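Written out below as structure tokens is the structure these notes cover.
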Amino acid sequence: MSKPALGAGNVEIELDGETVVLRPSLMAAQAISRQSGGISSAVRSVGNYDFDVIVSVVTLGLGATGQEAKAIPEKVWRTGLTDLIGPVSTYLTIIANGGRPMSGGEEAADPQKKE
């Protein structure tokens, strides 16, 4: 059985009415792990509706910096945490699995490339 390609773990979310893609990366995985005390702790925090953790995961998953990153909290607020819990949890599971979905997935572009 072959492993799914890296990038198969991209997760689309609706953020303030716009479809965006959380892309798994080593940098995001390390930052989330360090900020949350491990990826499993981040999953628990997301499940507990921890606004700051959700904002951090979305920001890192988008690779947002500067003004774009500063706008993420407002966009998360407008979207609502309940709409983000599922896809953000899925994203965290994917980065815990090296950027690949647990159950396989379709071939996809490299997660580091912007479309």
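The values are calculated or read from the model by the stated rules, or taken from the named source; none is laboratory data. All of these numbers come straight from a predicted model, not from anything done at the bench. A quick note on method: Cβ atoms are made from the backbone with ideal geometry, for glycine too, and the neighbour counts reach across all protein chains shown.
Remark: pairs (first residue in the stretch 24-40, surrounded by fewer than 13 Cβ atoms within 10 Å (Cβ to Cβ); second residue assigned to a loop (DSSP other than H, G, I, E, B) and at pLDDT 95 or above; Cβ separation under 9 Å; 6+ apart in sequence or on different chains) = Met27/Gly63. The single condition among (1) in a helix (DSSP H, G or I); (2) in contact (Cβ under 8 Å) with a residue 12 or more places away in the chain that Val21 does not satisfy is (1). For the stretch 72-115, filtering for residues that are modelled with pLDDT of 70 or more and either in a helix (DSSP H, G or I) or among the charged types (D, E, K, R) (or both) leaves 25.
Does the stretch 52-62 contain at least one residue that is within 18 Å of Ala28 (Cβ to Cβ) and either modelled with pLDDT under 95 or over 13 Å from the mean Cα position of the chain (by Cα) (or both)? Looking for residues that are within 18 Å of Ala28 (Cβ to Cβ) and either modelled with pLDDT under 95 or over 13 Å from the mean Cα position of the chain (by Cα) (or both), one finds at least one in the stretch 52-62, hence yes.
Reported count of residues in the stretch 45-78, each being touching a Phe, Trp or Tyr at 6+ places or on another chain (Cβ under 9 Å) and of a type in the set (Lys, Arg), is 0.
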